[in-house]
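First the structure, in the form of structure tokens, and then the observations on it.
The values are calculated or read from the model by the stated rules, or taken from the named source; none is laboratory data. Quick caveat, the model's predicted, so the values are computed rather than measured. Backbone-built Cβ (ideal geometry, glycine too); neighbour counts: all protein chains shown. Each accessible area value is taken on the protein alone, full model and side chains, heavy atoms only, with ligands, DNA and RNA left out. Shrake-Rupley method; radii C 1.70, N 1.55, O 1.52, S 1.80 Å.
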Amino acid sequence: MVKREDPHTAGLNVYRVGGAVRDALLGWPVYDNDWVVVGATPDAMRKRGFKPVGRDFPVFLHPDSAEEYALARTERKSGHGYSGFEVHASPDVTLEEDLLRRDLTVNAIAQGADGQLVDPFDGQRDIEKRVLRHISSAFSEDPLRVLRTARFLARYAPLGFSIALETVALMTKVSQSGELEHLAAERVWVETEKALGEPSPAVYFTTLAECQALSVWFPELSGEALSQSLTSLKYAPAQSQAPLAHWRYALLVCALDDTARETLAQRLRLPNAVAQLARHVALTLELVKAPMDAVSVLHWLERLDGWRKPTQVDAQLVLVAEVADEKVAALEAAWNSARAVSPQAIIEQGFQGAALGEALREQRRLAVVNALESA
């Protein structure tokens, strides 16, 4: 909590809010604190050494801890999407008014400097009952809350949480309203990426399907395709340089054809690394699901650009260990043999130009053939 001797916050009416309070009550580790300041002005915060960082509303960084301190505020819907709000932040905004603008009751609990909880919307009760429930009808004014609520369920489903029926109904209403279409693709991906890193990522997508949001941003996964896609999530490598969430996304879309996969990637404006990992995973699963021969293995190595980027092949071998462990040894042997072929040795034989490329590929093919036969 706030240290009373902290000269930067002494005399301020400060409360810890949001996820830090929620997770502390759940017994989860708390890594970041967010604070709300009631009764202060931006000028007063700056004079205390706080650094302003909020573009749309007054948020400040603590001079020492760099934790975020936001002035209490209210919001009024003024347009479409996540950012279509007019913000009112002033010393007359109360703590309860600030908490009222939040999404779920479990996220609207504040804790004072004395450790006492302020819980005007019975968030503690909903934590005990394991329910995610919206605070008011204002929930529907921010369409991103549909995705956030689904993400929270992906995190807390193992603890027995569910979404209140009335909240599911409101999420469905938002999905049907067309508001989701006004979200920025980058915001959709941020929520999805976080959900894919949660303990129950499949719940995120089944929840979006239940409230009719999946068909807005993920139409390629709607219907019967979803069940098959979710089954693949279990193969995500736990130990890899690529983040777990990125592996899970790649596996989620591996059953899609190339066109559908690329269409979804473009709609979400995925980072290049994520989109490429999805392509590589699709190639790998196509390889291991069919009988392997030298031609298919060499094609796989070439499509992975293994000669220039060997780590991309190594990463896919980690995946193979998850989905088809019996084929790992053969693929590793083929890969090691193929990359041991020396271009310089072929050059010294007098090959150059197109002939050099053909000779190099043939030597690699023969290396793969021998490795597969010996495996």
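General remarks:
- Computed about its Cα centre, the charge dipole of the stretch 165-258 is approximately 280 debye, with only Lys, Arg, Asp and Glu carrying charge at their Cβ.
- Mean separation of Cα pairs under 8 Å and 6 or more residues apart, divided by the residue count, gives the stretch 123-278 a relative contact order of 23 percent.
- Inter-site label distance for residue 238 and residue 349 at 7 Å from Cα along Cβ, in nm: 4.6
- Annotation note: chymotrypsin sites (Phe, Trp or Tyr not before Pro) in the stretch 12-64 located in DSSP loop regions with a Cβ neighbour count of at most 11 within 10 Å are 31.
- In degrees, nearest ten, helix 294-303 long axis to first principal axis of the chain (Cα): 40
- For the chain, built as a Gaussian network whose Cα springs stay under 10 Å, the top-fluctuating residue of 123, 357, 160: 357
- Cβ-based charge dipole, the stretch 39-198, positive-most Cα from 88, 190, 143: 190
- Helix 310-323 vs. the chain, principal-axis angle (Cα, 0 to 90°, nearest 10): 80
- Label-point separation in nm, residue 43 to residue 31, each point 7 Å along Cα→Cβ: 3.9
- Considering only 356, 100, 165, the mean-square fluctuation computed in a Gaussian network model of the chain, springs between alpha carbons under 10 angstrom, is largest for 356.
- Using the Cβ-Cβ distance between residue 117 and residue 293 with R0 set to 51 Å, the FRET efficiency from 1/(1 + (r/R0)^6) comes to roughly 0.20.
- Inter-part distance where the stretch 115-136 and the stretch 181-233 are each reduced to a Cα centre, Å: 26
- Comparing 242, 110, 154 in a Gaussian network model of the chain, where Cα atoms under 10 Å apart are tied by springs, the biggest mean-square fluctuation is seen for 242.
- Per residue accessible area of the chain, 1.4 Å probe, in Å²: 48
- Angle between the chain longest axis and helix 328-339 axis [Cα atoms, degrees, rounded to 10]: 70
- When the listed pairs 234/289; 194/234; 289/309 are checked against a 21 Å cut-off, the alpha-carbon distance exceeds it for 289/309.
- Fully extending the segment from residue 182 to residue 166, taken as 0.36 nm per residue of separation minus the present Cα-Cα distance, adds 3.4 nm.
- Average Cα contact separation per residue, the chain, under 8 Å, 6 or more apart, as relative contact order %: 10
- Estimated FRET transfer efficiency (residue 259, residue 342; beta-carbon r; R0 35 Å; 0.05): 0.35
- FRET efficiency, 1/(1 + (r/R0)^6) with R0 41 Å, evaluated for residue 53 and residue 307 via beta carbons: 0.35
- Total formal charge among the other residues, if their Cβ is under 11 angstrom from that of residue 260, Lys/Arg +1 and Asp/Glu -1: -2
- Neighbours of residue 192 by Cβ distance under 13 Å: Lys/Arg scored +1, Asp/Glu scored -1, total +3.
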